[in-house]
Amino acid sequence: MSAVSKKKDKFERRAFPRFKAECPVHYFSQDGGTWSKATLEDYSANGLCFYSGETLVQDTKITIQITSDAHPTVPPMAASAVVVRCELENGTRFKVSCKLTRTRDKDTKRHHYLRR
């Protein structure tokens, strides 16, 4: 796992560094109504990016789950998010960028709302 580096000629607007990590992600789209599997690309304190076999419309609300055994350095997560961007990549898969809106502590079952 490593932080994604900033490009020298491009201003980085992110509040938190992104960390590369490839592992399974499960998401539930309120539009589709079923759980789907994807592959995590990177994550930060307030968002994540994953590859999916299906397109997700911008502003779609989704539920995300990453299990504790998915990757040794990626924390388990249960969260709500909103799709910021979805782009076709290599004609075979979609790169989906999401902003986290709420996380849930699996131990205490308490929800944590993230600032917008």
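The values are calculated or read from the model by the stated rules, or taken from the named source; none is laboratory data. Keep in mind the model is a prediction, meaning the values are calculated, not measured. Neighbour counts are summed over all protein chains in view; Cβ atoms, including those assigned to glycine, are modelled from backbone coordinates with ideal geometry.
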- Go through region 52-85 and give me each residue that's in a strand (DSSP E or B) and either touching a Leu at 6+ places or on another chain (Cβ under 8 Å) or under 11 Å from Cys98 (Cα atoms) (or both). Lys61, Ile62, Thr63, Ile64, Ile66, Ala79, Ser80, Ala81, Val82, Val83, Val84, Arg85
- Task: Only one of these is in a strand (DSSP E or B) and over 11 Å from Val83 (Cβ atoms): Ala38, Ala45. Name it.
- Result: Ala38
- Residue check: is Gly47 at pLDDT 90 or above and either surrounded by 11 or more Cβ atoms within 10 Å (Cβ to Cβ) or within 18 Å of Arg104 (Cβ to Cβ) (or both)? yes
- Query: Before we move on, is Lys99 in contact with a Gly (Cβ under 7 Å, 6 or more places away or on another chain), modelled with pLDDT of 95 or more and assigned to a strand (DSSP E or B)?
  - Reply: yes
- Query: Looking at this structure, is Asp42 of a type in the set (D, E, K, R), surrounded by 11 or more Cβ atoms within 10 Å (Cβ to Cβ) and in contact (Cβ under 8 Å) with a residue 12 or more places away in the chain?
  - Reply: yes
- Item | Residue match in region 5-24 (condition: modelled with pLDDT of 90 or more and hydroxyl-bearing (Ser, Thr, Tyr)) | no
